[in-house]
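> Here's a structure for you.
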């Protein structure tokens, strides 16, 4: 079966909004200053999905992993994180999430960096944006900038979200 047939089946089987969790990973942001989290909180419902929870967490691997596990336990089928994907000493999102993933989607990070290159040039290689599956939930780890989050959501995630979720839960 081809990708278009998969997309059609995913759309036909979609009966309810997809339950989503948003996690902003930052040592400094608050809900008031979290432009990326606010953007996600607007765009997901606008696309017909439910935001189950929106949380801010410090860039601590144990806290990040525990919150992801909590959101999966609460029924989130999609978790989108923003922040902590760079290469500074404090950036630990990649390690925290990668340790949980049962299946990785390397193409997401690869394509994201190519698209980012069009906007920011060689600095795109600094991003460790990644995606994968953990207990039948999709996890997308995005950089903290609102421009990067919007790029990932508009060009990659939202156009394929129903198809991706369908693929993770079908037997």
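The values are calculated or read from the model by the stated rules, or taken from the named source; none is laboratory data. All of these numbers come straight from a predicted model, not from anything done at the bench. All Cβ positions, even for glycine, are placed from backbone atoms using ideal geometry, and neighbour counts span all protein chains on display.
> Please report, ordered by residue number, the helices (runs of 4 or more DSSP H) entirely within the stretch 1-108 with at least 3 residues that are surrounded by fewer than 18 Cβ atoms within 10 Å (Cβ to Cβ) and at pLDDT below 95.
Those helices (runs of 4 or more DSSP H) span 3-13.
> Would the stretch 118-125 turn up any residue that is at positive phi and outside any loop (DSSP other than H, G, I, E, B)? Break it down stepwise before answering.
The initial filter retains those residues of the stretch 118-125 that are at positive phi, namely 121.
Keeping just the survivors that are outside any loop (DSSP other than H, G, I, E, B) gives 121.
Checked the stretch 118-125: at least one residue is at positive phi and outside any loop (DSSP other than H, G, I, E, B).
Conditions tested, residue by residue: (1) buried (at least 16 other Cβ atoms within 10 Å of the Cβ); (2) within 20 Å of residue 29 (Cβ to Cβ); (3) at pLDDT below 95.
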site	(1), (2), (3)
124	yes, no, no
128	yes, yes, no
131	yes, no, no
137	yes, no, no
140	yes, yes, no
155	no, no, no
162	yes, no, yes
166	yes, no, yes
